[in-house]
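Just so it is clear, none of the values below were taken in a lab; they were calculated from the coordinates. Computed from a prediction, not measured in an experiment: that's the story for all the values here. Virtual Cβ from ideal backbone geometry, glycine too; neighbours counted across all protein chains shown.
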Amino acid sequence: MTAGHSHSSAHYGNKDAVRAVVVSAVALGIAAVAEITSSIVSGSASVLADGLHNSGDVLTSFILLFTFALVRRPATRRFSSGYGRFEDVATLLIIIVIIATAAVAAAESVAKLIHPATYSNIPLSLGAAVVGVIANLGVSEYKLRVGRGIGSESLEADGIHSRIDALVSAGAFAGIGLAGLGLRIADPILGIVITFAIVYVLAGTVKQLFYRMMDAVDPTIVDEITQAAESVSGVLRVHDVRVRWVGRELVAVMHVATDPKSTLEEAHALSMRVEDAVCHEVPAARLEIHMDPGTAHHHHAVVGEALDHNHQEDEK
């Protein structure tokens with residue numbers, strides 16, 4: 001049938017998302033330059049480490065920009081479902097960057113604990129640390145707000161990363177301040193505490209990424225999709241609903257039972273009404289609907305289950 005119609009899909013070219021990444025990269029780049037420059041003048045190892053860490057954040061911003069560019073590409077024969085899954089790959093890359101920078105911060109803190117550093121130009125170092133705090137807090141709230149608005153896991157992960165970095169800069173500020181008062185050991189101790197805080201907060205992002213990679217979804221989403229489909233007039237039954245995330249899209253497969261005497265055109269029209277109802281309730285959803293003639297008992301193979309040819313012969 002060639003009647004014109006369209007199917008819903010997420011819009012990956014979201015200008016707000018791209019703008020959030022660009023603004024974040026610029027802000028963190030300015031903070032990194034300020035901290036690295038001041039560390040050269042003052043000789044502060046902690047400010048230098050924080051500046052290098054913010055430089056790493058600029059790198060994660062470029063990862064996100066590449067991600068948003070890639071997922072906008074149309075599906076191909078090899079990648080027939082599109083490139084939405086690269087969002088999860090980007091989240092993994094961001095996690096690796098966070099772990100690497102946390103490891104560097106821990107190493108620097110331990111080294112300074114063993115060999116206490118000598119600081120000079122303390123006010124300059126304190127000012128640079130404040131710039132780091134302000135920049136990271138600002139971009140964190142911005143990226144989290146935009147990421148939650150468009151349902152981007154990787155942008156949310158980077159927003160959490162920036163929030164953690166604000167704590168790193170605040171810890172560097174406190175450590176430098178206490179070191180200036182004569183308590184030099186405070187700087188490396190706070191660095192170690194911050195490292196543990198990074199790992200603790202990062203665990204939540206790792207957990208969410210694991211769920212995404214295992215195609216886990218909130219069970220209430222399955223219920224919402226099922227109820228929306230069942231509310232459509234003409235639907236006799238909805239069953240075998242399977243939902244998984246592909247980037248920012250929820251790909252849902254469902255079986256919809258309808259009047260067995262329906263024509264192909266009527267069944268298609270019903271499937272379009274089901275799609276409209278579900279997408280109205282769950283905008284991120286993209287449906288694949290299998291129409292069943294009536295509600296007579298029949299069997300569908302599930303993931304991981306071998307096709308039972310004997311069962312099929314019995315049904316015939």
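Things worth noting here:
- The slack in the chain from residue 206 to residue 178, taken as 0.36 nm per residue of separation less the alpha-carbon distance, amounts to 6.7 nm.
- When peptides 100-109, 236-245 are sorted by average Cβ neighbour count within 10 Å, with the highest value leading, the order is 100-109, 236-245.
- The Cβ shell under 13 Å around residue 269 holds other residues with a net charge of -4, Lys and Arg each +1, Asp and Glu each -1.
- Calculated mean projected area of the Cα convex hull in nm² (choose from [x] 19.9; [y] 16.9; [z] 15.7), label: [x]
- The chain: angle of helix 86-114 to the longest principal axis, Cα-based, in degrees nearest 10: 20
- Relative packing of 49-59, 173-183, which averages over residues the other C-beta atoms within 10 Å, highest first: 49-59, 173-183
- Listed by chain and number, the aspartates and glutamates placed with their C-alpha closer than 17 angstrom to that of residue 207 are 87, 88, 153, 156, 158, 215, 218; residues fewer than eight positions away on the same chain are left out.
- FRET E, pair residue 259, residue 23, Förster distance 41 Å, beta-carbon r, rounded to 0.05: 0.15
- With the biggest extent put first, the Cα atoms of the range 92-232 measure 72, 26, 20 Å across the principal axes.
- When only Cα pairs below 8 angstrom with a gap of at least 6 residues are kept, the chain shows a relative contact order of 17 percent.
- In the chain, the calculated helix contribution to ellipticity at 222 nm averages -23000 deg cm²/dmol per residue, counting -39,500 (n - 2.57) for every DSSP H run with n ≥ 4.
- Distance between the pseudo-spin-label points of residue 230 and residue 40 (7 Å out from Cα toward the beta carbon): 6.7 nm.
- Computed from the C-beta positions of residue 276 and residue 89, the FRET efficiency with R₀ = 30 Å rounds to 0.40.
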